[in-house]
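Engineer: Got a structure for you, questions after.
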Amino acid sequence: MGLLENFSSGLFIIQSVVFLVLLFVLGKFAWKPILNAINEREVSIQDALNQAQLARDEMKNLKAENENIIREAKAERDAILKEAREIKEKIIAEAKDAAKTEGDKMIDQARQSIQAEKSAAMADIKNQIGALSVNIAENILQQKLDSSEAQNALVENYLNKSNLN
């Protein structure tokens, strides 16, 4: 009980008054600024959180837009590559067709040239054979028709055959 023996009611009242004055002064000058600072801090933290949420949402939107842009770019790239392949195949097909047409034309020209040369060679051979036949016939006739009697017999024979036909 040593604590109650030293108790002084006057000191208690003075300390209580000082405490109340201190509470009043702190309430008037310290609590309000502290609470205001805490409220301002809370508001600024909430604003920062809202800004962070907005930034997060914007990043999601940007990411989605980027994915869409990438998807569109890939689709466009695929379309361009497909078109390039089709153009390449078309050019190759046209080149093959042109080469085939040109080859067919060259073959036809070669055939015509061969036919013309063949016809010319046959005509030349016929002419040579005809000329040779005439020369041979002339030589044979000259040898057989050395005499005038043989010539007269040949003319008569020819005339007889002409009348029969």
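Engineer: Which FRET efficiency, nearest 0.05, do Leu154 and Lys118 yield, Cβ-Cβ r, R0 41 Å?
Structural biologist: 0.60
Engineer: Mind checking which of Asn39, Asn66, Asn152 has the largest fluctuation in a GNM of the chain, springs on alpha carbons under 10 Å?
Structural biologist: Result for the chain, Cα springs under 10 Å: Asn152 fluctuates most.
Engineer: Follow-up. Sum up the charges of everything whose Cβ sits under 13 Å from the Cβ of Pro33, counting Lys and Arg as +1 and Asp and Glu as -1, but leave Pro33 out.
Structural biologist: Net local charge, Pro33 excluded: +2.
Engineer: Per residue of the chain, what 222 nm ellipticity follows from adding -39500 (n - 2.57) for every DSSP H run with n ≥ 4, rounded to the nearest 500?
Structural biologist: -33500 deg cm²/dmol
Engineer: What nm value, rounded to one decimal, do you get for the distance between Ala95 and Ile70 when each label is placed 7 Å out toward the C-beta?
Structural biologist: About 3.7 nm, to one decimal.
Engineer: In nm, to one decimal, how far is the modelled label at Val43 from the one at Leu132, with both set 7 Å along Cα→Cβ?
Structural biologist: Reported label-point gap for Val43 and Leu132 is 12.9 nm.
Engineer: Dimensions of the chain along principal axes (Cα, Å, largest first)?
Structural biologist: Reported extents, whole Å, longest axis first: 201, 33, 23.
Engineer: Give me the net charge of Ala131's neighbourhood, meaning all other residues with Cβ under 15 Å from the Cβ of Ala131; Lys, Arg count +1, Asp, Glu -1.
Structural biologist: Once all neighbours under 15 Å are counted, the net charge is -1.
Engineer: How long are the semi-axes of the equivalent ellipsoid of segment 18-85, defined as square roots of 5 times the Cα gyration tensor eigenvalues? Whole Å, largest first.
Structural biologist: Ellipsoid semi-axes (Å, largest first): 63, 5, 4.
Engineer: While we're here: How much length would be gained if the chain were fully extended between Gln53 and Lys28, taking 0.36 nm per residue of separation minus their Cα-Cα distance, in nm to one decimal?
Structural biologist: Fully extending the segment from Gln53 to Lys28 adds 5.3 nm.
Engineer: At 1.4 Å probe radius, can you tell me the per residue accessible area of the chain in Å²?
Structural biologist: Ligands and nucleic acids excluded, the figure is 92 Å² per residue.
Engineer: Cα axis of helix 32-144 to longest principal axis of the chain: angle in degrees, 0 to 90, nearest 10?
Structural biologist: 0
Engineer: Further, regarding this structure: Counting just the Cα atoms, what span does segment 31-123 cover along each of its three principal axes? Round to the nearest Å and put the largest first.
Structural biologist: Largest to smallest, the principal-axis extents are 134, 12, 5 Å.
Engineer: Could you please state how large a percent of the accessible area of the chain is carbon and sulfur, counting protein chains only and using a 1.4 Å probe?
Structural biologist: Percent of accessible area from carbon and sulfur atoms in the chain: 61.
The values are calculated or read from the model by the stated rules, or taken from the named source; none is laboratory data. Keep in mind that this is a model prediction, so the values were computed, not measured. Glycine gets a Cβ as well: all are built from the backbone with ideal geometry, and neighbour counts include every protein chain shown. To get the accessible areas, we keep the full protein, side chains included, count just its heavy atoms, and leave off ligands, DNA and RNA. Shrake-Rupley method; radii C 1.70, N 1.55, O 1.52, S 1.80 Å.
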